[in-house]
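Undergrad: Dropping a structure here in structure tokens format, bear with me for questions.
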Amino acid sequence: MKRTALFALAAGLLYVSAAQAQYPMMDMVANKVIQKYQNSTCEQLWEKKSQKAPPSQQEQNVIQMLKGDPQMRQAFINKIAAPIANKMFDCGMIP
């Protein structure tokens, strides 16, 4: 049982490491997004959500890049989903 758990953990870490090595630019963007959420207060996030500003040219470029590469998009979402969802939950933005 312990071996199976250790193997699963090792396989998961290897997969995450390989995804990061495969997309260094995506990894940098994902880290920036995560930092934005982690460093923002709940009030700042609520205010930004209510403003709905159009994405910058850089953000549009990243979105196009992710739309064009489904594997990169999956790696990006896998990396940012938990930290962002946890912050949104803490701020009462999701039930």
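The values are calculated or read from the model by the stated rules, or taken from the named source; none is laboratory data. Since this is a predicted model, take the numbers as computed values, not measurements. Please note: Cβ atoms are built from the backbone with ideal geometry, for glycine as well, and neighbour counts cover all protein chains shown.
Undergrad: Run GLY92 past the list (1) modelled with pLDDT of 90 or more; (2) assigned to a helix (DSSP H, G or I); (3) over 13 Å from the mean Cα position of the chain (by Cα) and report the number of the one that doesn't hold.
TA: (2)
Undergrad: Can you tell me which of (1) surrounded by 12 or more Cβ atoms within 10 Å (Cβ to Cβ); (2) of a type outside the set (Gly, Ala, Ser); (3) modelled with pLDDT of 90 or more is the one GLN22 doesn't meet?
TA: Exception for GLN22: condition (3).
Undergrad: Can I ask one more? Can you pull out every residue in region 70-95 that is exposed (fewer than 14 other Cβ atoms within 10 Å of the Cβ) and of a type outside the set (S, T, N, Q)?
TA: First, the residues of region 70-95 that are exposed (fewer than 14 other Cβ atoms within 10 Å of the Cβ): 70-71, 74, 77-78, 81-82, 85-86, 89-90, 92, 94-95.
Those that are exposed (fewer than 14 other Cβ atoms within 10 Å of the Cβ) and of a type outside the set (S, T, N, Q): PRO70, ILE77, ALA81, ALA82, ALA85, PHE89, ASP90, GLY92, ILE94, PRO95.
Undergrad: Please specify each residue of region 37-59 satisfying the condition of being surrounded by 10 or more Cβ atoms within 10 Å (Cβ to Cβ) and closer than 15 Å to MET25 by Cα.
TA: GLU59
Undergrad: Quickly run through region 69-92 and pick out the residues that are of a type in the set (S, T, N, Q) and more than 15 Å from LYS36 (Cα to Cα). Steps first, answer last, please.
TA: First, the residues of region 69-92 that are of a type in the set (S, T, N, Q): 71, 74, 78, 86.
Result: GLN71, GLN74, ASN78.
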